[in-house]
Ligand code: SF4
């Protein structure tokens with residue numbers, strides 16, 4: 001039996017061994033695994049950040065931005081084939097361009113993609129807080145087809161945890177950044193992700209996290225228990241928080257967020273939103289507003305008895321009812 005070994009960036013050689021054409025696979029008609037109306041659009045691979053708990057740089061290597069022309073061409077082909085929403089992903093979107101062009105160019109890429117006919121929504125997933133390029137918010141304000149949405153995993157809030165996590169930021173800088181982003185794009189939906197039970201996280205650290213979550217009122221928030229990954233810097237520390245305490249802390253944070261999400265959603269009752277329909281499930285068409293990413297955020301459930309909405313179409317929906325994480329509405 002012939003065994004071959006490839007690195008994570010060896011796509012060209014893998015395709016060659018499989019008899020596929022590199023240019024066709026990468027630049028040509030891309031096969032979507034999502035419904036055709038939205039696409040996860042990878043703009044870079046790898047990561048240059050030193051986060052202590054994360055094994056991704058070890059597995060994926062250094063940050064490598066895809067050339068802008070290549071991305072614009074890929075977006076044109078996707079749009080031609082019916083893609084309306086590009087969800088820009090990378091381990092760290094905000095680093096885009098630095099390796100390739102010597103400067104951050106995420107704002108320029110956003111504008112170039114926004115010019116592609118047929119692309120109605122562009123969404124940013126996974127921004128890094130340290131060195132955040134504020135100019136991307138100008139692009140967000142300028143262009144109607146750039147969603148006022150930002151997914152920025154912040155991981156923790158206390159200075160000692162952020163320092164041990166090697167996040168290159170502090171509590172005050174984090175608070176200031178969130179305020180600046182909200183000042184610049186007042187109706188932005190911000191999503192973040194947090195880790196509970198990182199080595200050495202004291203009850204005091206956790207209380208501070210709880211207070212900050214309650215005060216900041218993120219639109220969306222995910223929380224995970226710390227996982228002790230081999231070969232990471234944090235693996236040299238003692239994984240000293242018992243699993244049940246980690247889980248209890250996650251549950252406590254999510255309970256706070258549930259209340260925040262419920263209140264935010266109640267304010268949406270009576271408002272009309274542009275909704276992209278993803279699927280039909282039972283008696284409902286299920287879609288999302290520009291403030292929601294697939295799988296992780298709120299869904300808008302439209303009673304199918306009140307009107308028809310094809311998959312991949314945009315409809316305007318008046319919100320009639322709201323729960324913790326979902327909205328119910330009718331087509332107007
Ligand atoms: S957590 Fe994100 S930014 Fe930090 S090293 Fe991992 S992939 Fe990079």
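Computed from the coordinates by the stated procedures, all read-outs in this text should not be read as laboratory data. Predicted model, so just to flag it, every value in this text is computed and none were measured. Cβ coordinates were reconstructed from backbone atoms using ideal geometry, including for glycine residues, and neighbour counts include every protein chain displayed.
The figures follow:
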item: Simple label model, 7 Å out from Cα along Cβ direction - residue 138 to residue 56, nm; result: 2.7
item: Theoretical FRET efficiency, 1/(1+(r/R0)^6), r = Cβ-Cβ of residue 245 and residue 280, R0 45 Å, to 0.05; result: 0.60
item: Percent of Cα-Cα distances greater than 20 Å, calculated over segment 188-283; result: 51
item: GNM flexibility winner over the chain from 238, 213, 185 (Cα, springs under 10 Å); result: 238
item: Residue 180-residue 272 pseudo-label distance in nm [points 7 Å out on the Cα-to-Cβ vector]; result: 3.7
item: Equivalent ellipsoid dimensions for segment 272-331 as semi-axes, Å, which come from the Cα gyration tensor, largest first; result: 15, 13, 11
item: FRET efficiency, residue 100 to residue 36 (Cβ-Cβ, R0 35 Å, nearest 0.05); result: 0.75
item: DSSP bridge pairs, the chain: antiparallel proportion in percent, nearest 5; result: 45
item: Whole-Å semi-axes of the ellipsoid equivalent to the chain (Cα gyration tensor, √5λ, descending); result: 31, 30, 19
